[in-house]
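All remarks here apply to the structure that follows.
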Amino acid sequence: MISIDPKRNSERDNYKLLIGAIIPRPIAFVTTESEDGIVNGAPFSYFNIVSSNPPMVSLAVQRPDEQLKDTARNIYRSSQFVVHIVDEENVAKINETAASLPATESEIELANLTLVQSENVSVPGVKEAKVRMECKLVKAIPLGGEGSGSDLFIGEVVRFHVDEAIYQDGRIDPRGLNAVSRLAGSDYATIGDIFSIERPK
């Protein structure tokens, strides 16, 4: 077993260890809106569930050059965002939105995605996702010291939208959703085999 002190590593070395070890990671495609009404869309794999009462999710947006990304800047400004689950049918289009564009250009248009109006937030979502969650910011936590860092956002889900084809009796069919997960580098993974293990009483 190799023992590594993260304080002796560069940020990039620690990044590679984290994204190589913590797999598979769910991918959130997040839409936000700028002060000028530009809808920004970007994928993030530093994403997960925080709570079910109330329903909350977490999203960490990296600050690689000590500058806020458009997504983080927009969430700080409006306290609203929409999270979409990336699946095998939309992953190619979502990957296009990872391109670095100026804040004045929309990744949604670049990827030819279709905007849909939200019900409880002003930020639109995209039609191509089978699951989307309208979120309002609960807490924002800037993280990191010198150099690159991140901004951790915790949002309360104020509205769920689920494709009726994958929804039954309050549950989402994992095969129907066919979510894609992030590995390291350019690698992704599909759901693969599903198995059950009974939890102890």
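The values are calculated or read from the model by the stated rules, or taken from the named source; none is laboratory data. Since the structure is predicted, the reported quantities are computational estimates derived from the model, not experimental observations. Methodologically, a virtual Cβ is constructed for each residue, glycine included, from the backbone with ideal geometry; neighbour enumeration extends over all protein chains shown. Surface areas here come from the heavy atoms of the whole protein model, side chains and all, with no ligands, DNA or RNA. Shrake-Rupley method; radii C 1.70, N 1.55, O 1.52, S 1.80 Å.
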Breaking point among (1) touching an Asp or Glu at 6+ places or on another chain (Cβ under 8 Å); (2) of a type outside the set (S, T, N, Q); (3) at pLDDT below 95, for residue 179: (3)
Out of curiosity, is residue 47 in contact (Cβ under 8 Å) with a residue 60 or more places away in the chain, closer than 24 Å to residue 115 by Cα and of a type in the set (Phe, Trp, Tyr)? no
Name the residues in the stretch 104-120 that are in a loop (DSSP other than H, G, I, E, B) and either among the polar types (S, T, N, Q) or open to solvent by less than 50 Å² (accessible area, probe 1.4 Å) (or both), would you? 104, 106, 111, 112, 113, 114, 117, 118, 120
Filtered residues of the stretch 121-162 (kept if part of a loop (DSSP other than H, G, I, E, B), in contact with a Leu (Cβ under 8 Å, 6 or more places away or on another chain) and farther than 20 Å from residue 34 by Cβ): 127, 128, 130
Mind checking whether some residue in the stretch 51-61 is surrounded by fewer than 17 Cβ atoms within 10 Å (Cβ to Cβ) and outside any strand (DSSP E or B)? yes
For residues that are in contact with a Phe, Trp or Tyr (Cβ under 9 Å, 6 or more places away or on another chain) and among the hydrophobic types (A, V, I, L, M, F, W, C), tally how many sit in the stretch 85-107. 4
Among residues belonging to the stretch 23-38 that are aliphatic (A, V, I, L, M) and modelled with pLDDT under 95, point out the one that is nearest to the chain's Cα centre (by Cα). 23
